[in-house]
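Structure record follows, encoded as structure tokens.
The values are calculated or read from the model by the stated rules, or taken from the named source; none is laboratory data. Not measured: the values here are computed from a predicted model. When we count neighbours, we look across all protein chains shown, and the Cβ atoms used for this are built from the backbone with ideal geometry, even at glycine. Accessible surface is based on the protein model in full, side chains and every heavy atom, while ligands, DNA and RNA are left aside. Shrake-Rupley method; radii C 1.70, N 1.55, O 1.52, S 1.80 Å.
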Amino acid sequence: MKEYIGVLDSGVGGLSVLSELVKVMPEGNFLYYGDTKNMPYGTKTPDEIYFYTKKILEFFVYKNVKNVVFACNTTSAVAYDKLKVEFNDVLKIFPLIQTVAQDASKNLKNGDLIAVLATKATINSKKYEAEIKKYNSKIDILGIDCTGFVEIVENRLYEDKNAIDLVKSKLDMVKTNNAKRVILGCTHYPYLLDMFRKINPDVEYFNPAGCLAEIVKNEAKLSQDFYKDKGEIKFFVSKNPDEFKKSAKTFFDIKDDVYLV
Ligand code: DGL
């Protein structure tokens, strides 16, 4: 039976991670799940996010997934600790924040400031702060709640004036506080990177996706069945498969069917 790595997110954001996973494991099989019905996760309660993510993990187990990548910061921040214990016997889970925190804090001096752009739930959890401080306690972290960014990406509002003003207002905080590095702390935000660079080209942007993919490649426990039939990617969503395809474009030009489950 074919084995897959499961990759989950609330929508198209996790495709920014899937594209990196496919680069480093081009012959592997992947199942992607975008929970478009419950998107955005970032304004939901931890209990709701836990419940949605659990349902996806049950689906993955049924599909013979053995390794799962939480390509979602919000889920990693508020639901991972509990789900790791509950699925310990059947799944190895790679939570985004915890997996990349060390790399995200590299090459900075004492007192340097990292700005974390993320959803409300991720910022409220203070997970980035806690994880980064494990590796470098002398770095300062500024969390910036970017509620609304996910909708810009899912609805492709890249030219919308209100959307641009919202992005500008958040990047002003990065500038005012003189941050050295900006962590794209939501997997939807790489879709906005061109816009970020245009507004503020003077700061270093850290997209965790590449480093996460490398770590998954090295640490996932994969059998030969992961390479059976070579490089199959299947996409599942809980609502609007056609909209998902359109919004996915930056990272995946999906030609195949997107299944509604
Ligand atoms: N892309 C996800 C994240 O990294 C979820 C965003 C959302 O649905 O609010 O946090």
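For segment 1-79, the alpha carbon convex hull comes to 78 Å³ per residue, rounded to a whole number. Around the Cα centre of the chain, unit charges on the Cβ atoms of Lys, Arg, Asp and Glu (plus for the first two, minus for the last two) sum to a dipole of about 360 debye. Working ranking of peptides 179-190, 136-147, 159-170 by packing, defined as the average number of other Cβ atoms within 10 Å per residue, highest first, is 179-190, 136-147, 159-170.
The distance between label points at residue 156 and residue 109 comes to 4.5 nm (points 7 Å beyond Cα on the Cα→Cβ vector). Residues of segment 56-72 falling in the label zone of residue 257, defined by backbone nitrogen less than 18 Å from a point 7 Å along Cα to beta-carbon, are 63. With contacts taken as Cα pairs under 8 Å at a separation of at least 6 residues, the chain carries a relative contact order of 30 percent. Full extension of the chain between residue 239 and residue 137 yields a length gain of 32.5 nm, computed as 0.36 nm times the residue separation minus the alpha carbon distance. The portion of the accessible surface of the chain made up by carbon and sulfur, rounded to a whole percent, is 48 (1.4 Å probe; DNA, RNA and ligands excluded). Taken over the chain, the percentage of Cα pairs per 10 Å bin, counting from 0 up to the bin with the maximum distance, is 7, 32, 37, 19, 4, 0. If you plug the beta carbon distance of residue 55 and residue 228 into 1/(1 + (r/R0)^6) with R0 = 22 Å, you get a FRET efficiency near 0.25.
Normalised per residue, the accessible area of the chain is 45 Å², obtained with a 1.4 Å probe and no contribution from ligands, DNA or RNA. A full extension of the chain between residue 24 and residue 198 corresponds to an added length of 59.7 nm, given 0.36 nm per residue minus the alpha carbon distance. Over what distance in Å are the Cα centres of segment 52-79 and segment 198-257 separated? Segment 52-79 and segment 198-257 have Cα centres spaced 14 Å from each other.
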